[in-house]
Amino acid sequence: IKPRNVSDHHILYDTVRGVRKQLYSNLTNAEETETQGLSAFTSDGFTLGGNHTVRGATNESGETYISWNWDAGSSTVSNTDGSQTTSVRANPTAGFSIVKGANMTSSQKTFGHGLSAAPEMIWGKRLGASEEWNVYHKDLTSNKMLTLNSTGAEKNSNFVGTPTNSVFTYYPNADSYIFYCFA
């Protein structure tokens, strides 16, 4: 969700992390809990509560907003396809999934993504600390990535190799992570 008529941050919510958990795609901030802002995911979209009060607005009088929404399916499941058990909400028909790896150690891991095709792009974000958004894309140089929150060029990647129809490989820090996978 982002205001269109004023300068403000891009606020990201998802069904795997929950309604009060937010990230900012243009910042490196850790995940934050907001008591206002998005209050419910519904069968036809979402509901906004009071105005978001931490780094951005979601429901302020006089402002206009835009939201980008991806259908990640109807339920979150435990996925054991990779070396790291994950919480996954996937819609293979739409080619989109949300993957959460919780309480990980710092070592290379494979993550099941729940799609029937290899993701062509993956956004990854560490939840518990301020850290860049890592972006894998199939057309980048091998073992390179971009950062969603910067204008920088390709750099060495935490994504390892090429994703398969069932898993992708990532080298995390010790923490929890969220990944948005696009096939």
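The values are calculated or read from the model by the stated rules, or taken from the named source; none is laboratory data. This one's a predicted model, so the numbers in the text were calculated from it and none came from an experiment. So basically every Cβ, Gly included, is an ideal-geometry build from the backbone, and we count neighbours across all protein chains shown. Accessible surface areas use protein heavy atoms only, side chains included; no ligands, DNA or RNA. Shrake-Rupley method; radii C 1.70, N 1.55, O 1.52, S 1.80 Å.
Need one number: nm distance between label points at residue 164 and residue 141, each 7 Å from Cα along Cα→Cβ, rounded to one decimal. About 2.8 nm separates the two model spin labels. Listed values for the range 22-35 are Karplus-derived 3J(HN,Hα) couplings in whole Hz (6.51 cos²θ - 1.76 cosθ + 1.60, θ = phi - 60°), namely 10, 10, 10, 5, 9, 10, 9, 3, 5, 4, 10, 9, 10, 7, and x replaces Gly and Pro. Find the relative contact order for the range 3-113 and round it to a whole percent, using C-alpha pairs within less than 8 Å whose residues are 6+ positions apart. Once divided by the residue count of the range 3-113, the mean separation gives 20 percent.
Comparing 111, 94, 128 along the charge dipole axis of the chain, the residue lying farthest to the positive side is 111, per the Cβ-charge model. The share of Cα pairs per 5 Å bin across the range 1-158, counted from zero up to the longest distance, runs 2, 8, 15, 20, 21, 18, 10, 5, 1, 0 percent.
Share of the range 51-131's accessible area from carbon and sulfur, percent, 1.4 Å? Don't skip to the answer; put the middle values down first.
Values: 1760 of 3910 Å².
Of all accessible area on the range 51-131, carbon and sulfur atoms account for 45 percent.
Applying both filters, DSSP loop and at most 11 other Cβ atoms within 10 Å, to the chymotrypsin sites (Phe, Trp or Tyr not before Pro) of the range 1-90 gives 68.
The mean accessible area for residues of the range 41-176, using a 1.4 Å probe and ignoring ligands and nucleic acids, is 51 Å² per residue. Here the relative contact order of the range 122-161, from alpha carbon pairs under 8 Å that lie six or more residues apart, stands at 32 percent.
Mind counting lysine pairs for me in the chain? Cα separation below 17 Å, and the two need to be 8 or more apart along the chain or on different chains. Lysine pairs satisfying the spacing and distance rule in the chain number 10.
Over the range 56-183, Cα pairs under 8 Å with separation of 6+ residues give a relative contact order of 27 percent.
Restriction of the trypsin sites (Lys or Arg not before Pro) in the range 79-158 to DSSP coil positions whose beta-carbon has at most 15 other beta-carbons within 10 angstrom yields 138. Between 44, 139, 71, the GNM of the chain built on Cα springs shorter than 10 angstrom shows 44 fluctuating the most.
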